[in-house]
Amino acid sequence: MVPVGIIGGMGPFAGAHYVGLFLEECARLIEEGGASVTDQRFPPHYLFQLPVPDRTSALLGPHGEYGQVLQALSGQMAGLRALGARVVAMSCNTAHAWHAELQGRHPGMTLLHIGDATADYLLGQGETEVGLLSTAGTVKSGIYAEALARVGIACREPNEEELDLVMRGIYDGVKAGDNELGRACFASALLRMRRRTGVTGFLMACTEIPLALRTADVPAECRLYDPGRLSARELAWRALA
């Protein structure tokens, strides 16, 4: 089996969590294939976890920071290529704003796109519109709005008040080690979006959100989707194909 790679460091716990999702999806595919799950049946994989400048700040701030993020991500791509990986996923949603440039710099590798994996899955679930819980950088980049539009699904983005709650939950909550604050902020943002837009399906489109928010935290009629898991599912399929 050819090894696959994961670009992490955005933040470190989220990168480690993504590896766990990848392994869970590998186990599921192994079982679906009729084999028993043993250590030897898991595909080789690498987590390349080096610090990367804040992606949202780079998208909203000076252009120089944008270039610094691109260099950091490209360096990890090169490192994974040296290890033998030819298919790579990024654990960070917002980092996909650099997807096209990274793919252009590394044409011999396949960089999976979290928005495409999510859009294809939601189409199969019969969703016609979903609410976006994400960083301001992800909203600005349009990575989900574009991917969802490709398959005819409407993307309902947060308003300023809802976005402030999500950002607080990410930075003051989960990234600062306070998952309870994160959970409260995410749940509040979701409820406000539910009342304002009527949408019942929601994307937890930042790797910090599913670390705190659970199905039990939201109304029963609401459906939570974790794009990180859907991306990890695609990577597992590529690794085991």
Which numbered condition Cys26 fails, given (1) surrounded by fewer than 19 Cβ atoms within 10 Å (Cβ to Cβ); (2) in a helix (DSSP H, G or I); (3) modelled with pLDDT of 95 or more: (1)
Scan of segment 227-241 for residues that are surrounded by 20 or more Cβ atoms within 10 Å (Cβ to Cβ) and small (Gly, Ala, Ser), ordered by number: Gly228, Ser231, Ala232, Ala236, Ala239
Residues that are surrounded by fewer than 17 Cβ atoms within 10 Å (Cβ to Cβ) and not in a helix (DSSP H, G or I), drawn from segment 182-199: Gly198
Wholly within segment 58-155, helices (runs of 4 or more DSSP H) carrying at least 3 residues that are at pLDDT below 95: 63-82, 136-141
Candidate set: segment 209-226, residues that are touching a Phe, Trp or Tyr at 6+ places or on another chain (Cβ under 8 Å) and within 19 Å of Gly142 (Cα to Cα); chosen: the one most open to solvent (accessible area, probe 1.4 Å): Tyr225
Boolean, Gly75 is without any contact (Cβ under 8 Å) to a residue 24 or more places away in the chain and out of contact with any helix residue (DSSP H, G or I) (no Cβ under 7 Å at 6 or more places or on another chain): no
Residue identified as of a type outside the set (Asp, Glu), under 17 Å from the mean Cα position of the chain (by Cα) and within 24 Å of Glu160 (Cα to Cα) among Gly201, Gly173: Gly201
Conditions (1) assigned to a helix (DSSP H, G or I); (2) open to solvent by less than 30 Å² (accessible area, probe 1.4 Å); (3) modelled with pLDDT of 95 or more; (4) among the aliphatic types (A, V, I, L, M); number of the one not met by Leu165: (2)
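The values are calculated or read from the model by the stated rules, or taken from the named source; none is laboratory data. Note that the structure is a prediction, hence the values are computed from the model and not measured. Because the Cβ atoms are built from the backbone with ideal geometry, glycine has one as well, and the counts that use them run over all protein chains shown. With ligands, DNA and RNA removed, areas are computed over all heavy atoms of the protein, side chains included. Shrake-Rupley method; radii C 1.70, N 1.55, O 1.52, S 1.80 Å.
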